[in-house]
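First up is the structure itself, then whatever we jot down about it.
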Amino acid sequence: MNQTKIISKILYYICILLSAGYLITLAYSVFCLTTGFSVTPYKNDQYLHINYPFTENPFMNIENNNSYIIFSFLLVLVSYGIFFWLSALVFRVFFQSKLFTKENILHLKRFYMYNIFIPLPVVITASFFVEVESIVWGLVFIHFMLGIFCLFLANIFKQGLHLQNEQDLFI
């Protein structure tokens, strides 16, 4: 179990960093796009560079098209920011001193609900406004399978909590 705690702690911190990276990038991008700060258009205003702060060095290159900016850029940043945040909470479950708690089951539930019910509607909605590449449908399937796997884990944890509570009654 010690190995599981070490690995889950490492993955927890990695996911926290990834989530923070996505969400900070989202906040910076929204700020830049709404204020025009550190944004450089190029190729006849067809594309935009979002530059590193206070430089002229490109940080990100995006199409200068509102549908693209919303559905292929900002929505992806927010979705994966949330995904990695929820992933971090799931990994945190596995290095707690007590595994079978209602709070831990809630973290697992949030993760599986997000992965089962969010990616498909988001991609279907985006497909009305932008071209969705075929690999994205594969990612939707992977998120769905990840959600189902976590649903199984949550049910195992519910059973573990039930058995733990029964055992506490006998002591």
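Descriptive notes on the structure:
- Remark: the Q159-F117 segment gains 12.7 nm on full extension, using 0.36 nm per residue and subtracting the alpha carbon distance.
- Contact order for region 19-141, expressed relative to its length and based on alpha carbon pairs under 8 Å spaced 6+ residues apart, stands at 21 percent.
- Under DSSP loop assignment and at most 13 Cβ neighbours within 10 Å, longest chymotrypsin sites (Phe, Trp or Tyr not before Pro)-free interval of the chain: 55-127
- Accessible surface of the chain, 1.4 Å probe, proportion on carbon and sulfur as whole %: 67 percent
- Region 1-51, Rg to Rh (Cα coordinates; Rh as Kirkwood inverse mean 1/r): 1.34
- Axial C-alpha extent at least 24 Å, average Kyte-Doolittle at least -1.0 - helices from the chain (DSSP): 2-35, 75-93, 134-170
- Per residue, region 71-128 exposes 50 Å² of solvent-accessible protein surface, assessed with a 1.4 angstrom probe and all protein chains in place.
- For F59, distant residues with modelled amide H under 5 Å away: I50, N51, Y52
- If you take the alpha carbon atoms of the chain and fit the smallest convex hull around them, that volume is 137 Å³ per residue.
The values are calculated or read from the model by the stated rules, or taken from the named source; none is laboratory data. These numbers come from a predicted model, not from an experiment. Here Cβ is always computed from backbone atoms with ideal geometry, including for glycine, and neighbour counts include all displayed protein chains. These area figures cover heavy atoms from the full protein model, side chains too; ligands, DNA and RNA do not enter into them. Shrake-Rupley method; radii C 1.70, N 1.55, O 1.52, S 1.80 Å.
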